[in-house]
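A short write-up of the structure that comes next.
Every number in this text was worked out from the coordinates using simple rules, so none of it is lab data. Bear in mind the structure is a predicted one, so any value in this text is a computation, not a measurement. Positions of Cβ are backbone-derived with ideal geometry, glycine not excepted, and every protein chain shown enters the neighbour counts.
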Amino acid sequence: MGFKLGKLKVLMNEMALLTEPECATSCVQSEACNRCCDLMYCEITEQYAKELYGITLERVNHPRLLFMGPTGCTVEPYLRPRCTLHTCDINSIGFKPLDREWTNEYFILREKIDLLLYETELERIPSIEVGGS
């Protein structure tokens, strides 16, 4: 999985660069900032990193989010796919209004990530021989 993991990290970093500004501009610096972030998603991320990659994530000292540091989430984007892929527009209406270019870029990148994850998952499934005796 070495090559695919490296490729996944690159793609997820690209996605984070695309989606993180959406959070920064849509929630402005206020109590609503990171409103999509929730302890439940931190716990899912922690479990995902441990079960899929054998990585124990280091928690930070934030009052409500396990991995929220002073400059944002401390977890690498590939270990938090639910968060990395999320934007409010994509999650609610399926596109970014008035920005076809951004929406296209998102879904082209998302397809690359989905295909890579699908191929990786197929490799984990044991092959079953069918027929003949």
Rounded to the nearest 0.05, FRET efficiency between V60 and R100 (Cβ-Cβ, R0 41 Å) equals 0.65
Placing +1 on each Lys and Arg Cβ and -1 on each Asp and Glu Cβ in region 59-133, then taking the dipole about the Cα centre, the residue among F107, P63, P77 whose Cα reaches farthest towards the positive end is P63
In the chain, lysine pairs 8 or more places apart or on different chains with C-alpha atoms under 20 Å apart total 7
Applied in sequence order to region 45-61, the curve 6.51 cos²θ - 1.76 cosθ + 1.60 (Karplus, θ = phi - 60°) yields integer Hz couplings, x standing for Gly and Pro, of 4, 4, 5, 4, 4, 5, 6, 8, 10, x, 9, 9, 7, 8, 6, 10, 9
Between the modelled labels at I125 and N91 (7 Å from Cα along Cα→Cβ) the distance in nm is 2.9 nm
Long-range amide H partners of K96, meaning residues 5 or more apart or on another chain whose placed amide H is closer than 5 Å, are T103
Cα extents of the chain along the principal axes, largest first, in whole Å, come to 67, 38, 24
